[in-house]
Structure formats: structure tokens, C-alpha cells
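Structure, as C-alpha cells:
The values are calculated or read from the model by the stated rules, or taken from the named source; none is laboratory data. The structure displayed is predicted, hence computed values, not measured ones. With ideal geometry, Cβ positions are generated from the backbone for all residues, glycine too; neighbour counts draw on all protein chains shown.
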Amino acid sequence: MIRWWSSRQIDPVASTDDELRMIPSWSVILAAGLFIAMQYVFHVVMPHHKHELLPLRLMMGYAWGTLWASYALLLGYVSRDVKRRGMSPGLWMLVCVILPGGIGAVVYFMLRQPILSKCPNCTTSVDASYHFCPQCQFQMAPVCGTCHRGVKITDAFCTQCGHDLAVDGAPQRLRVYSDSD
């Protein structure tokens, strides 16, 4: 008999709102400060003797302000994401700051590790896509008892082989989907 983990399944792909909440407040404050600083530079510091250049100054102030603010938000996101993935925060922040033009962030997104989750049985860190814990064989996600491929928690039958998942000891709430009497 296959053990089912819990009634709540963890979606490995987080929603956009969850990802945006990872941006720390210091990064948001820094981004706002950089945006305002760029407005100050283009409207106060730089000479503006010709009033016909006002649209250009406005456009450049907003463009450069948005660029620097976006970079600050990106650094804040990387600083939190790197910890969540169990990677070296100091090294990746250094890479993101030193490599010019956001190249460091692109390198980070290409090389970052997958998000790890904990096995509820033995607390081993495992990849979120694993169906079974490699240490204790605890079932982390629902799988078909016949073909052993991943299935959704709400499936009544396997989408690959058509096996009745209720036979595998599915939770009571899944049996309701397969009972059509």
C-alpha cells in the first residue's frame, strides 16, 4: 500500500505574488531612493538653460530612475532567493554587484539550484520534484501504484495508464471522485 503524504500538496511553481513578497523592504526603500535621486540629478544638478529640453530631461530622469530602481529590486530578490535555495549569499551578491549591466543576475538565474523541501518523515532536504524521499522512501507526492508516474492529488485515475488510484489507498476525499453511483 502506498502512503499518501498529506491533504495539502506543495506546488513547486510559486505564484507571482509569493515571488514579489520575497523582495525585502530595504530593497524597496533603496529603489525608491534611487528613483528620486535620478530625478534630482536630471532636474536640479544638470544644467537646464534651454526649456525646450524639458521633455528630454523628464524622459531621461524616468528611464534612468527606473533602471536603477529595478536593479535595486533585483538585488533584493536575489539576496532572499539565494538563501531559500541554500546557496552562498555573499558570493552571489558579489557576482550580481560586480558584473556590469545585470549580467551577474542573469548568471545567477541560469545557475541557481532548485528549491529544496524537507521530508516530513526524516527531515532530509530533497528536491521539490521528487516523489519519494531518497533516505526513507516516504512518499512526498502522489504517484500511480501501477506505472509509478506522478499524478495530481485530485486525479481519480492515472493519466498515463488509467489505473484506479482509489485502489492504491488514496485519501477518502479522492474516492468521491471515482464513485459515480
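Yes or no: Arg80 of a type in the set (D, E, K, R), more than 20 Å from Pro24 (Cα to Cα) and surrounded by 14 or more Cβ atoms within 10 Å (Cβ to Cβ)? Spelling it out, it is not the case that Arg80 is of a type in the set (D, E, K, R), more than 20 Å from Pro24 (Cα to Cα) and surrounded by 14 or more Cβ atoms within 10 Å (Cβ to Cβ).
In this structure, Ala37 does satisfy being at pLDDT 90 or above and farther than 15 Å from Val97 by Cα. Taking the stated definitions as given, is Met93 surrounded by 13 or more Cβ atoms within 10 Å (Cβ to Cβ) and either farther than 30 Å from Ser25 by Cα or modelled with pLDDT of 80 or more (or both)? Considered against the rule, which asks whether it is surrounded by 13 or more Cβ atoms within 10 Å (Cβ to Cβ) and either farther than 30 Å from Ser25 by Cα or modelled with pLDDT of 80 or more (or both), Met93 comes out as yes.
Could you check region 134-170 and list, in sequence order, the residues that are charged (D, E, K, R), part of a loop (DSSP other than H, G, I, E, B) and either surrounded by 13 or more Cβ atoms within 10 Å (Cβ to Cβ) or touching a Lys or Arg at 6+ places or on another chain (Cβ under 7 Å) (or both)? Across region 134-170, the qualifying residues are Arg149, Asp155. Checked against the criterion of being over 30 Å from Leu73 (Cβ atoms), at pLDDT below 80 and hydroxyl-bearing (Ser, Thr, Tyr), the candidates Thr159, Thr154, Thr123 yield just one match: Thr154. Among the residues of region 122-162, which ones are hydroxyl-bearing (Ser, Thr, Tyr) and out of contact with any His (no Cβ under 8 Å at 6 or more places or on another chain)? The answer is Thr123, Thr124, Ser125, Ser129, Tyr130, Thr154, Thr159.
Starting from residues that are free of Cβ contacts under 8 Å to residues at least 12 places away in the same chain and of a type outside the set (Phe, Trp, Tyr), keep the ones in region 105-147 and report whichever is farthest from Trp68 (Cα to Cα). My answer is Gln137. When the test is whether a residue is surrounded by 13 or more Cβ atoms within 10 Å (Cβ to Cβ) and at positive phi, His131 does not pass it.
Let's see how each residue does on (1) more than 24 Å from the chain's Cα centre (by Cα); (2) closer than 20 Å to Met22 by Cβ:
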residue: Pro47; (1), (2): yes, no
residue: Trp64; (1), (2): yes, no
residue: Arg84; (1), (2): no, yes
residue: Pro120; (1), (2): no, no
residue: Asp127; (1), (2): no, yes
residue: Cys136; (1), (2): yes, no
